[in-house]
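Reviewing the structure listed below.
No value in this document is a laboratory result; all are computed from the given coordinates. Being a predicted model, the structure only gives us computed values, none of them experimental. Quick reminder, even Gly has a Cβ in these numbers, built from the backbone with ideal geometry, and neighbours come from all protein chains shown.
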């Protein structure tokens with residue numbers, strides 16, 4: 001009986017140590033590549049604007065074509081910073097998870113716009129956009145019809161490879177929406193997860209897409225951190241996201257998360273009251 005009890009506790013200990021560690025500091029470099037078919041005529045991001053029922057102007061930028069986006073991410077305790085750059089412009093997002101506030105600085109078309117929002121405000125804005133998208137679901141220029149909220153499941157596959165020097169395993173994230181099913185192929189590191197950061201890169205990541213208010217992606221269900229993932233998109237496009245560098249053994253400086261003083265940062269309420277249009281980023285598939 002003693003031997004059986006000993007073996008039981010040994011097996012339990014192995015199971016505990018097999019769980020990924022939760023890291024609170026990291027510096028990550030990510031490359032997102034979208035490849036479109038030759039016949040795709042929406043090579044550049046499409047910007048449209050509309051006015052909500054309460055008079056707030058909302059500018060929606062939809063990524064419709066192909067291109068490459070480089071993203072740098074810094075994580076330290078409750079703070080996350082994401083800097084993204086592509087042919088459309090540059091974006092810096094600083095997230096305070098303790099206060100649940102996101103500050104976004106966008107450099108687009110020669111102009112700089114600074115905005116800070118709370119999670120509650122972002123959720124309300126997303127609700128408005130979803131409502132408008134639903135009413136325009138028959139208009140192909142807005143990305144087609146909505147297929148409802150997704151439910152996610154993970155399928156783990158016995159394959160492995162190295163990415164940016166880290167040993168990774170393969171998994172499939174299956175998203176089901178009504179009668180439609182989408183699959184994202186993921187290579188993840190099973191040794192660790194990053195606090196408040198289920199993934200990096202992807203469409204809209206530089207615009208605050210890493211926080212809870214932007215909606216679920218299923219990445220948080222992985223038993224580890226995604227180092228590479230790819231998925232098919234609308235109109236035959238294909239997206240690949242890959243971590244090219246990951247540093248987890250160096251201290252991240254506090255100054256990385258300081259808000260720049262040379263840019264006027266307005267609240268969402270100020271933007272809605274005539275300070276400028278709200279900008280919502282949408283993936284065109």
Once the piece of chain linking residue 256 and residue 240 is laid out straight, how much longer is it, given 0.36 nm per residue of separation minus the C-alpha distance between them?
3.0 nm
Stretchable slack from residue 85 to residue 152, in nm (0.36 nm times residue separation minus alpha-carbon distance):
21.2 nm
Chain lengthening between residue 98 and residue 176 when straightened (0.36 nm per residue, less Cα-Cα):
24.9 nm
Please compute the modelled spin-label separation between residue 25 and residue 77, points set 7 Å along Cα→Cβ, answer in nm with one decimal.
1.1 nm
